[in-house]
There are 2 protein chains.
Amino acid sequence: MTANGDLRSRILEQARVLLLKEGYSAVSMRKIAKAVGCTPTSIYIYFDNKDALIHALIEEGMELLAGDLAKASAPDSEPRARFRGTCLAFLEFGIQNPEYYQIMFLLHPEKMERYPTDKYRRARRNLELFADILREVRSGSSFDPMLSATVLWSLLHGAISLHLAQRLDVGMPASTFIDQVVEHAESMLLPESP
Amino acid sequence: MTANGDLRSRILEQARVLLLKEGYSAVSMRKIAKAVGCTPTSIYIYFDNKDALIHALIEEGMELLAGDLAKASAPDSEPRARFRGTCLAFLEFGIQNPEYYQIMFLLHPEKMERYPTDKYRRARRNLELFADILREVRSGSSFDPMLSATVLWSLLHGAISLHLAQRLDVGMPASTFIDQVVEHAESMLLPESP
DNA sequence: ATTTTTAGGTTAACAATGTTAACTTTACGG
DNA sequence: CCGTAAAGTTAACATTGTTAACCTAAAAAT
């Protein structure tokens, strides 16, 4: 049974498929086991518990997002366009990968309490990416780049959250909303301090 | 047994206590029943299912929030101060009532799918409140108040979400972050469009 | 070559969950 | 006093995450 790919990766694959196809609540140890073709207990050989399995999926998502952001923030264009592109990439990721985004950033804290905090260093890396661009554009003026990046992150995260939770007005096209969010984000580039 | 307050309100009360004391996942029909002193099935006489019970708690939270915002947006002060106060009130509500905020705005869509959309009219009412203040300050300039209010909502909601999920840098004081968020929110009042 | 250990996997079970069918009790109108 | 409807309970079902005990096959040790 160890012939065709190790069981661990097959478990992860089917968990991801189930997650993307039927949503988070449909992901149960028994369903994954059935899809993989093993027993539920076998999963516990490779993962301490369901949380650990979900965490592995979070890792996958973080990898994906990091790739998207790295591509968008490649330093081959003007900083302002790069800023805009990176914001858009983050928003796009959330909208196009709702399940990934959900388990990465929207899961109940109580369910994710056991998630090791140091794994979120990758998230911090993304924050630094935004801070770098802000620093580049707003050089000189006295401001805290990481603080501003966090506020920017709040805006983007909130926009994705509301969109995914379908709390936005149905009469408001998503693209219009996204455009407005990015446009507002760009106001962070202006060094106005009245 | 129908002497001391109807069972329905006692169920709600204990559900709220449990929610605030032990968090969402600790709220189970059996625990509520035990706390109230009835059987789990009795709850189903007054609530169709667990979701319906949670929805009733959401109603409570909406009431609370609406009260806070109404107080903060009372038209007895200057519009800009009112705007700042209303933003702060929303942020404070989320931070001071994490469990309420969680079930109101952060619950998994799949778990809340059955929540009747029209109940969120109260949330829309809050949005209109922000839109009104924006309209008042930025009168004249061509802009969509509801769209801007939604972007503002995204910022506030994202800030609360990240704070509640403890995703913010531990070295960053919450008050500093909140201040920065409000300060940035105020940039929406400036009619600059380059 | 034979025994022992160990890693990988299964069977069966436990406790907790939301929910429901069937039964009992209580109250009230005729 | 009887019947009916509401209020509440008992006992169960199906599903969940998780674990203890067992099995099995391969590798290591004697």
Discussion item. Mean-square fluctuation check for chain A, GNM, Cα pairs under 10 Å: which of A:Pro145, A:Pro98, A:Pro40 is largest?
Written reply: A:Pro40
Worksheet item: How many percent of the accessible area of chain A is carbon or sulfur, using a 1.4 Å probe?
Response: 51
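Would you kindly give the portion of the calculated P(r) for the protein assembly as shown that falls above 39 Å, as a percent of all Cα pairs? If you can, show how the numbers build up before the last one.
Details: 17028 of 75078 pairs.
Beyond 39 Å sits 23 percent of the P(r) for the protein assembly as shown.
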Discussion item. Around B:Val36, under 12 Å between beta carbons, what's the net of Lys plus Arg minus Asp minus Glu among the other residues?
Written reply: +4
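Summed for both chains, how many Å² of accessible area, to the nearest 100, are buried between B and A with a 1.4 Å probe? Present the calculation step by step, with values, prior to reporting the outcome.
On the way: alone 11150 and 11180 Å², together 18820 Å².
It comes to approximately 3500 Å² buried between B and A.
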Discussion item. Tell me the accessible surface of B:Asp179 in square angstrom (1.4 angstrom probe, heavy atoms of protein chains only), to the nearest ten.
Written reply: 90
Discussion item. Which residue in B is nearest the B/A rotation axis when you measure from the C-beta atom, and what is the distance in Å?
Written reply: B:Gly158, 1
Fill in: Chain-alone versus full-assembly comparison, the stretch B:117-156, residues with accessible loss of at least 10 Å² (1.4 Å probe)
B:Tyr120, B:Arg124, B:Leu147, B:Ser148, B:Thr150, B:Val151, B:Trp153, B:Ser154, B:Leu155
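So, counting K/R as plus one and D/E as minus one, what does the shell of residues with Cβ under 12 Å around A:Met62 add up to?
+1
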Worksheet entry | Ellipticity estimate at 222 nm from DSSP helix runs (n ≥ 4, -39,500 (n - 2.57)) divided over the protein assembly as shown, nearest 500 | -21000 deg cm²/dmol
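Let's test the formula: R0 of 25 Å, r as the Cβ-Cβ distance of A:Asp169 and B:Ala52. What FRET efficiency results, to the nearest 0.05? Write out the running numbers ahead of the final one.
On the way: r = 25 Å, r/R0 = 1.02.
With a Förster radius of 25 Å, E is 0.50.
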Worksheet item: For the stretch B:1-47, what is the accessible area per residue in Å², given a 1.4 Å probe and the full set of protein chains?
Response: 62
Worksheet item: Any idea how far apart B:Lys31 and A:Glu183 come out in nm if each label point goes 7 Å out from Cα toward Cβ?
Response: 4.6
Item to complete: Between copies, how far apart are the A:Pro173 label points? List them in nm, one decimal, shortest first, with each point 7 Å from Cα toward Cβ, please?
Response: 4.6
Discussion item. How large is the accessible surface of A:Lys119 in square angstrom, using a 1.4 angstrom probe and rounding to the nearest 10?
Written reply: 80
Worksheet entry | Inter-copy spacing of A:Gly23 label points, which lie 7 Å from Cα along Cα→Cβ, given in nm from shortest upward | 2.3
Worksheet item: Using alpha-carbon pairs under 8 Å, 6+ residues apart, how would you state the relative contact order of chain B in percent?
Response: 19
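Distance check, please: which entries in A:Lys31/B:Lys34; B:Lys50/B:Lys119; A:Lys21/A:Lys50 exceed 21 angstrom between their Cα atoms? Provide the component values of the computation, followed by the final result.
Details: A:Lys31/B:Lys34 32 Å; B:Lys50/B:Lys119 17 Å; A:Lys21/A:Lys50 18 Å.
Over 21 Å Cα-Cα: A:Lys31/B:Lys34.
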Worksheet item: Pick from B:Leu129, B:Leu147, B:Leu65: which residue has the top mean-square fluctuation in a GNM of chain B where Cα pairs under 10 Å get a spring?
Response: B:Leu147
Discussion item. 7 Å from Cα along Cα→Cβ at both B:Glu128 and A:Glu78: what's the point-to-point distance in nm?
Written reply: 4.2
Worksheet item: Does the stretch B:55-189 classify as rounded, prolate or oblate by the C-alpha gyration tensor (a ≥ b ≥ c root eigenvalues; a/c under 1.5 gives rounded; else a/b over b/c gives prolate, otherwise oblate)?
Response: oblate
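The values are calculated or read from the model by the stated rules, or taken from the named source; none is laboratory data. Computed from a predicted model, the values in this text were never measured in an experiment. Note that we place each Cβ from the backbone using ideal geometry, even for glycine, and neighbour counts take in every protein chain shown. When the accessible area is computed, the model is the full protein with side chains, heavy atoms only, and any ligands, DNA or RNA have been set aside. Shrake-Rupley method; radii C 1.70, N 1.55, O 1.52, S 1.80 Å.
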